[in-house]
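Enquirer: Take this structure first; my questions come after.
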Amino acid sequence: MQNSAFFHFLTLLLFKQKSKHIGAVLISVVIIFLLSSVLFLSTSLRYSLLATMDKQADFTVTRMQAGKAVNTPSAWTDKILEINGVTKVAPRVYGRYFFAPRENAFLIVGVDFFDEQSSQALERLIGKVDMKRFFSEESMLVGEGVRQFLRAHYFNRDFTFKTPVGKFKKVTIFQTLPESANLIANDMIVMPIDLAREIFGMQEDEVTDITFNVPNDAEWDNIVTKLHLMFYDVRVIDKREIKKAYENLYNYKGGLFLLLYLITIVTFMLILYQRYSMVYSTERKEIGILRAVGWSIRDILKLKFYENLVIVIVSFIIGVLLAYLYVFVLGAPLLDRLFLGGANLHNHVSFVPVVEFGTLGSVFLFYAIPFLAAVLIPAWKIAVTPPKEAML
Amino acid sequence: MVILENVTKVYNEGTPQAFEALRAVNLHLAEGETVILSGVSGSGKSTLLSLIAALDKPSSGKIIVEGELVSKLPDLHASAYRAKTIGVVFQHFNLLETLSVEENVMAPLINTGLPLETIKTMAAKSMETAAIVHKASQEVKALSGGEKQRCAIARALVHDPKLILCDEPTANLDKANSLKFIEILRTLRSMGKTVIVATHDPLFEGLDFVDRVFHMEDGAIVNQESGAGSPEQ
């Protein structure tokens, strides 16, 4: 094979000059590891959230007063049901309950356990609930984060809520929601809808908002128009807007990391460029010697290209594998706080392994091209100088 | 075989630091000749060799080797010329320190398109001629000065060049190794190679296989003597 001697020589140089390359490989691995971890994490979170979003209702309506969302009359439910093309109309009661001593807030969700749609959704999440036992006393289901927080404050069996009218309401912890739901349910408390109303001080004919589906996408805009004609003070949010908001949130966080990555990569490339440009470097002498024994500039560039391509590929594979293990096996300790930050309770989330090969390919190209340029340009500059000077 | 016509080399040309290293050098060497370029350090011997080896370009004049105008060769052709026609033994050996003797010797043949096995066979033959085959697998950095020199000779011979250029080949060797080198030169001569040795080592005086001795001073050939190996002697 015509190139066998060349690749044999390339392998020799790589193995016998390990110490020369080890620094570049280590730094490359760290950079690729960090970038891939961020990408894996944001992709996984986006995937999970969007998968969750797909199960959510198509529309949410709330009442607005003076530009502020207020409680929605439950009578709207029936009016919305009358609109053709609308299905699965569900009133919801939920809100933040502020635990002042520790400045933490829980998300309380009131569920009509006798509503077929709500009970099915709950059953999918936690399995069959023993209704008899659940309703034997005032009970609630709590997310993993809430459970841990309450335990840390010695609320092992129950928790006492303070209502807006100054009453205390003791509610028993019936069950913890599964850890797999932590991404959305970590700080959540699920309780009967009437109990939630009492804790929030809402009237019986009020709900927080109303959700519904419109199976025919083409009708979405018409339905929004009808709602605005029906209620002068309504605010309609469709699922696409929420999706966009989530995507923007993670793109924004990912973008920040991308910026940091760009700064790091530029710094590293400058260091590499300088290293290869050094007047008295062994690199320079090696190129001079090879030129003196008959290698052309093209041969030199070919050698340096393949030598550094191997370094980039090896670093890339190691970096990506380490990132995969770090995110999907170890659960991305430390980095998860940066991405899940904003939640007031610490959240343990199992990240769903999602790998977008297109994104990985872009990472490779964004890394490989500047890396090779940072090495090949100085190598070319040395190769075009007379070999006699390069060997000095 | 080698023709130099009015070759000059000026470093830092056009600047106040301009330095004329070679001044109108003329030289005609026949095939199979062994010649010595003698002179003190800085007399222009090494510069002359590097121009013949196309490692640098002359400021003016013509250098023709084997009918090829070396002084005007573009890079690709200059590389091919170095890879085929000449072998150079440098004063400081200029070996790839992290590689073994065999790997260093193979280096000039890597881009010739020859199969790896053929290259290895050629390297073995060359190492045998340079009496370094017993150190083939040893890393160059672990070799003595004499062994490095023999490795450099093997590398210069591996592609069977017609012209061998040796730049101060014994400057970093003790007497015993210098004598060994001279014996290798004798072998090269018997192989019909054209050899140019730039040296100021007195050991090269009066060698029985040297055809001519050129004395250089301030970048010019000031004197030419027939060596003991010349038919005139």
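The values are calculated or read from the model by the stated rules, or taken from the named source; none is laboratory data. Computed from a predicted structure; not experimentally measured. Ideal geometry is used to build each Cβ from the backbone, glycine not excepted, and the neighbour counts take in all protein chains shown. Surface accessibility is based on the protein's heavy atoms, side chains included, excluding ligands, DNA and RNA. Shrake-Rupley method; radii C 1.70, N 1.55, O 1.52, S 1.80 Å.
Enquirer: Would you tell me the accessible area of A:Trp380, worked out with a 1.4 angstrom probe on the heavy atoms of the protein chains, in Å² to the nearest 10?
Expert: Its accessible surface works out to 120 Å², give or take rounding.
Enquirer: Right, next: First compute the accessible area of segment A:59-213 with a 1.4 Å probe, then give the percent of it belonging to carbon and sulfur atoms.
Expert: Carbon and sulfur: 49 percent of the exposed surface of segment A:59-213.
Enquirer: Of the options B:Leu99, A:Asn186, B:Ser46, report the single residue whose Cα projects farthest towards the positive end of the charge dipole of the protein assembly as shown (beta-carbon charges: Lys, Arg +1; Asp, Glu -1).
Expert: Most positive-ward Cα: A:Asn186.
Enquirer: Is there a quick way to get the dipole size of the protein assembly as shown? I mean about its Cα centre, with the Cβ of Lys and Arg at +1 and of Asp and Glu at -1; what is the value in debye to the nearest 20?
Expert: 760
Enquirer: Right, another one. Anyone know which of B:Pro115, B:Pro58, B:Pro161 comes out most mobile in the 10 Å Cα GNM of chain B?
Expert: For chain B, modelled as a Gaussian network with Cα springs under 10 Å, the answer is B:Pro115.
Enquirer: Could you order B:Glu97, B:Glu168, B:Glu102 by accessible surface area, starting with the largest, using a probe radius of 1.4 Å?
Expert: B:Glu97, B:Glu102, B:Glu168
Enquirer: A:His8: accessible area at probe 1.4 Å, nearest 10 Å²?
Expert: 60
Enquirer: Nearest 100 Å² is fine: how much accessible area is buried between A and B, summed over both sides, with a 1.4 Å probe?
Expert: About 2500 Å² of accessible surface is lost on pairing.
Enquirer: How big is Rg to Rh over chain B, alpha-carbon atoms, Rh as the Kirkwood inverse-mean-distance radius?
Expert: With Rh from the inverse mean 1/r over Cα pairs, Rg/Rh is 0.96.
Enquirer: About the Cα centre, and with charges only on the beta carbon of Lys, Arg (+1) and Asp, Glu (-1), how big is the dipole of segment A:59-213? Nearest 20 debye, please.
Expert: 460
Enquirer: I would also like to ask the following. Students sometimes get this wrong: rank A:Tyr47, A:Tyr326 by accessible area, probe 1.4 Å, all chains present, largest first.
Expert: Solvent-accessible surface, decreasing: A:Tyr47, A:Tyr326.
Enquirer: Can I ask one more? Identify, among B:Pro202, B:Met1, B:Met122, the residue whose Cα sits farthest towards the positive end of the charge dipole of chain B, taking +1 on the Cβ of Lys and Arg and -1 on the Cβ of Asp and Glu, with the dipole about the Cα centre.
Expert: B:Met122
Enquirer: Continuing with the same structure: Taking a cut-off of 22 Å between Cα atoms, list the lysines near A:Lys18, but don't count ones fewer than 8 places away on the same chain.
Expert: A:Lys285, A:Lys302, A:Lys304, B:Lys141
Enquirer: From the backbone phi of segment B:54-61, what are the Karplus-calculated ³J(HN,Hα) couplings (6.51 cos²θ - 1.76 cosθ + 1.60, θ = phi - 60°) in whole Hz, Gly and Pro given as x?
Expert: For segment B:54-61, the Karplus curve yields 6, 7, 8, 10, x, 6, 7, x Hz.
Enquirer: Okay, moving on. Which of the lysines could a cross-linker span from B:Lys72 if the Cα-Cα distance has to be under 18 Å and same-chain partners fewer than 8 positions apart are dropped?
Expert: Those lysines meeting the cut-off are A:Lys388, B:Lys9, B:Lys57, B:Lys62, B:Lys84.
Enquirer: Which value, in Å² and to the nearest 10, is the accessible area of A:Phe155 when all protein chains are kept and the probe is 1.4 Å?
Expert: Around 60 Å² of this residue is reachable by solvent.
Enquirer: Which lysines have a Cα less than 19 Å from the Cα of A:Lys162, not counting those fewer than 8 places away in the same chain?
Expert: Filter leaves A:Lys170.
Enquirer: Mean Kyte-Doolittle of at least 1.6 and a Cα length of 20 Å or more along the axis: which whole DSSP H helices of chain A meet both?
Expert: Span-like helices here: A:357-383.
Enquirer: Here's something else I'd like to know. Provide the per residue accessible area, probe 1.4 Å, for the protein assembly as shown, rounded to a whole number of square angstrom.
Expert: That works out to 48 Å² for each residue.
Enquirer: Taking the alpha-carbon set of segment A:59-213, what are its Rg and Dmax in Å?
Expert: Rg, Dmax (Cα atoms, Å): 15.9, 51.
Enquirer: Further question: State the answer as a single residue: which of B:Ile221, B:Ala18, B:Ile184 lies farthest towards the positive end of the charge dipole of chain B, with beta carbon charges of +1 for Lys and Arg and -1 for Asp and Glu, about the Cα centre.
Expert: B:Ile184
Enquirer: To check my understanding: the extent here is largest minus smallest coordinate of the Cα atoms along each principal axis. What are those three numbers for chain A, in Å, largest first?
Expert: Largest first, chain A extends 93, 52, 41 Å along its Cα principal axes.
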